[in-house]
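Before any comments, here is the structure.
The values are calculated or read from the model by the stated rules, or taken from the named source; none is laboratory data. Since this is a predicted model, take the numbers as computed values, not measurements. Glycine also receives a Cβ, built like all others from the backbone with ideal geometry; neighbour counts cover every protein chain displayed. These area figures cover heavy atoms from the full protein model, side chains too; ligands, DNA and RNA do not enter into them. Shrake-Rupley method; radii C 1.70, N 1.55, O 1.52, S 1.80 Å.
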Amino acid sequence: MADNETVNEGRRGALKCMAWAGTGVVWGLAGGLPVGLGALDAEAATRAAPATPFTFVQVSDSHIGFAKPVNPDARATFREAVAKIRALPDRPAFIVHTGDVSQLSKDQEFDDADQIIKEAGLPVFHVPGEHDVLDDGAGKAFLARYGKDVDGGARGAGWYSFDHAGVHFVALVNVLNLKAGGLGSLGTEQLAWLKADLHARSASTPIVVLAHIPLWSVYPDWGWGTDDGAQALKLLARFGSVTVLNGHIHQVLQKVEGRVAFHTARSTAFPQPAPGQGPSPGPMKVPAEQLRSVLGVRQVDFVRAGQALAVIDTPLA
Amino acid sequence: MLQQAFASPRALAVALALVLGTGAGAGAALAAIPAAPPATASAPVVTIGNFTFGPMTITVPVGARVTWVNADDVPHTVVAVDNSFRSKPIDSDERFTFTFAKPGVYSYFCSLHPRMVGKVIVKRP
Ligand SMILES: [Cu+2]
């Protein structure tokens, strides 16, 4: 596996160079400024917490229906991820799924994903990935199933927002109406909605943004970015704490820009190579015994008084 | 900073080595497709591999039946920019065929991975 080692070494070097933090690093926000926290600092922050902190979980890219040598059963690994959520000592308030629920937008795939995630016994919020809008109606099946806000009403192509314990969550859709040669796209209608949605919020409201494709340019050559993502970020610029949670690239990457922290999550189905470290962004083959070390779930902790936020990525094994 | 990180000669060398290494694998996978139609001038085949249409541009006579075969581990689509044709998702080892009845230049892309683009030039014989 000499090739594999080359990849890994290149990957480490690249990550260091880009100042992206690696797996399992805890990030916090203190006074609006992101700081990397060691495990002990994170503990101290937890002790200082007011009585109403909460936790939620992000899962992504379950690709139910995917069955290739790298992972012959994406249902099984998704079920393991849900079991991990169920076993968390602090019960999360809800789960967010940042897209590519299914492999091919088939009813059976969505049904199976729903059955599995239901085992967590928690509310679930979804945003679609490009694999979820492959039905003849270009996303109608997904929208009918998941594209609703908390009041049950669907907006636009499925974008919505909700509030939980003083935190404002915005769920965006950037996988529809993609243009030849382009990247992910939000579109003018959604950006106008976002502007109106954020208008009434005070700058001290912590904001969490959910979207499948990264909103920042991770690696445009592989389509890892959103053409009009910068316009959304401009609308978010006045807020003191913004956390952007994405999927799509099947690996943990983190970046902090001003008061905005970007995080991509692991898949529960299969890994993809680090940016540019392979011939294409297709599934990365790893030895079977290593698969679960590159799949995982993410826990996000809010500690309101200090505006502290901790993102903890845990592999399946 | 990101672009510079990958413009380093070492990173490029690694990427190149991987391209060459996997190119051979993709070819082998394609050869293993049992019912792949033989490519002819009036029935050319475009192979989708490593998120690329190969060849990216083909020139065919009016009436040609063009077939796209997906040799990747992920589904792709073939969608005309002017919407004159549109495939369903083409999963691994599946194919999509379209007959070009009129001359013209047809630009197309993959709606899942829009950086994937290609062109069919249809000429009168
Ligand atoms: Cu594609």
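The heavy atoms of A:SER202 present about 60 square angstrom of accessible area, all protein chains included, probe 1.4 Å.
Note on A:PHE54: accessible area approximately 20 square angstrom, rounded to 10, probe 1.4 Å, nucleic acids and ligands left out. Note that region B:39-95, at 25 °C in a medium of 0.890 mPa s, gets a Stokes-Einstein diffusion coefficient of 208 µm²/s from its Kirkwood radius over C-alpha pairs. When restricted to Cα atoms, region A:51-109 yields an Rg and a Dmax of 13.6, 47 Å, respectively. With all protein chains in place and ligands, DNA and RNA left out, the 1.4 Å accessible area ranks A:GLU289, A:GLU109 as A:GLU289, A:GLU109, largest first.
Exposure check, 1.4 Å probe, all protein chains in place: A:ARG201 carries approximately 70 Å² of accessible surface. Leaving out ligands, DNA and RNA, and with a 1.4 Å probe, what % of the accessible surface on region A:260-317 is carbon or sulfur? So the carbon and sulfur contribution to the accessible surface is 58 percent. Taking region B:58-88 and a reference point 7 angstrom along Cα→Cβ of A:ALA67, the backbone N atoms nearer than 17 Å belong to B:73-75. When the residues A:GLU130, A:GLU189 are ordered by accessible surface, computed with a 1.4 Å probe over the protein chains alone, the sequence from largest down reads A:GLU189, A:GLU130.
Let me know the charge dipole size of region A:132-247 about its Cα centre in debye, to the nearest 20, where only the beta-carbon of Lys, Arg (+1) and Asp, Glu (-1) is charged.
Values: 9 positive and 11 negative charges, 57 e Å.
Using Cβ point charges on Lys, Arg, Asp and Glu, region A:132-247 gives about 280 debye.
Suppose R0 equals 22 Å. What FRET efficiency, 1/(1 + (r/R0)^6) with r the Cβ-Cβ distance, do B:ALA80 and B:ALA43 give to the nearest 0.05? Don't jump to the answer; show the numbers that get you there.
Numbers: r = 19 Å, r/R0 = 0.86.
Taking R0 as 22 Å, the efficiency between B:ALA80 and B:ALA43 is 0.70.
Just by accessible area at a 1.4 angstrom probe, what is the order of B:ARG86, A:ARG292, A:ARG266 from largest to smallest? The partial results should precede the final answer.
Working: B:ARG86 140, A:ARG292 75, A:ARG266 20 Å².
Greatest to least solvent exposure: B:ARG86, A:ARG292, A:ARG266.
Can you give the % of DSSP beta bridges in region B:45-123 that are antiparallel, to the nearest 5? Intermediate values should be presented prior to the final figure.
Values: 18 of 27 bridges.
So the antiparallel bridges in region B:45-123 amount to around 65 percent.
Please state the shape class of region A:94-235: rounded when a/c is under 1.5, otherwise prolate if a/b exceeds b/c and oblate if not, all from the C-alpha gyration tensor. Walk me through the numbers on the way to the answer.
On the way: a/c = 1.72, a/b = 1.10, b/c = 1.56.
Oblate.
Annotation for region A:246-317 versus region A:192-237: alpha-carbon center distance of 18 Å.
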